[in-house]
1. Return the only residue of GLY19, GLY58, GLY94 being in a loop (DSSP other than H, G, I, E, B) and in contact with an Asp or Glu (Cβ under 8 Å, 6 or more places away or on another chain).
2. Give all pairs with beta carbons closer than 7 Å in which a residue from region 62-88 that is within 17 Å of GLU9 (Cα to Cα) meets a residue that is of a type in the set (Ser, Thr, Tyr); count only pairs at least 6 apart in sequence or on separate chains.
3. Given the criteria in contact with a helix residue (DSSP H, G or I) (Cβ under 8 Å, 6 or more places away or on another chain), in a helix (DSSP H, G or I) and over 26 Å from ALA28 (Cβ atoms), does ALA140 qualify?
4. Between a residue in region 130-159 that is closer than 13 Å to VAL114 by Cβ and any residue that is of a type in the set (Gly, Ala, Ser) and not in a helix (DSSP H, G or I), which pairs come within a Cβ distance under 7 Å, given they are 6 or more apart or on different chains?
Amino acid sequence: MLVKEVLREGDLAIDATAGNGHDSAFLAECVGASGRVIAFDIQPDAIDQARRHVSACGFAERVEFHQESHTNIPAHASPGTVAAVMFNLGYLPGGDHAIATESPQTLIAIEEAVEVLKPGGLLSIVCYPGHAAGAGEAEAVEDKVTSLTEVGWRVAAYKMCGTHKPSPFLMLACKP
């Protein structure tokens with residue numbers, strides 16, 4: 001809902017973790033026919049699944065897929081040109097759980113997302129602390145995104161409390 005409020009017809013958006021393509025399709029719908037989405041994933045299966053899903057939704061012309069790390073954001077978007085960047089961390093649903101996002105690359109990609117976002121742009125990150133590698137990554141992401149408040153960003157975290165297993169949570173940050 002909040003990402004949808006930020007995006008306008010003709011905007012540029014980034015899906016930093018294409019996965020199965022749901023976020024790519026959502027972003028493509030939001031940016032409209034004159035907009036563009038850049039989607040990243042390191043896994044060929046994810047790119048194939050995402051491409052199929054986006055095509056089935058009728059948005060193939062709006063999404064540019066890159067089978068590479070989200071740390072390569074600057075190679076595809078200039079500073080201050082992107083309206084929204086979405087990350088959905090962890091592993092590909094139904095895929096190999098040993099292949100998952102990792103803190104060092106994710107933190108670099110967040111720094112790069114901060115640079116390419118335009119004023120008023122939104123950074124959206126879903127973290128999954130419930131799996132082995134996800135707990136450390138989620139903590140690092142939360143620390144990194146929270147630190148943006150020191151330079152004027154508005155930051156929010158949406159979490160479930162009191163769960164038996166750490167539940168996924170959403171971090172949002174709006175660029176001043």
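1. Matching residue, one of GLY19, GLY58, GLY94: GLY19.
2. VAL63/SER24; ALA84/SER124
3. Taking the combined requirement at face value, the residue satisfies it.
4. Pairs found: VAL145/ALA173; LEU148/ALA173; TRP153/ALA173; VAL155/ALA173.
Every residue, every condition in (1) without any contact (Cβ under 8 Å) to a residue 12 or more places away in the chain; (2) crowded, with 20+ Cβ neighbours inside 10 Å; (3) within 16 Å of ASN88 (Cα to Cα), yes or no:
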| residue | (1), (2), (3) |
| --- | --- |
| ILE38 | no, yes, yes |
| GLN49 | no, yes, yes |
| CYS57 | no, no, no |
| ALA60 | yes, no, no |
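Only the coordinates and a few stated rules stand behind these numbers; no lab work does. Remember, it's a predicted structure, so these values are computed and weren't measured experimentally. Positions of Cβ are generated from backbone atoms using ideal geometry, with glycine treated the same way; all protein chains shown enter the neighbour counts.
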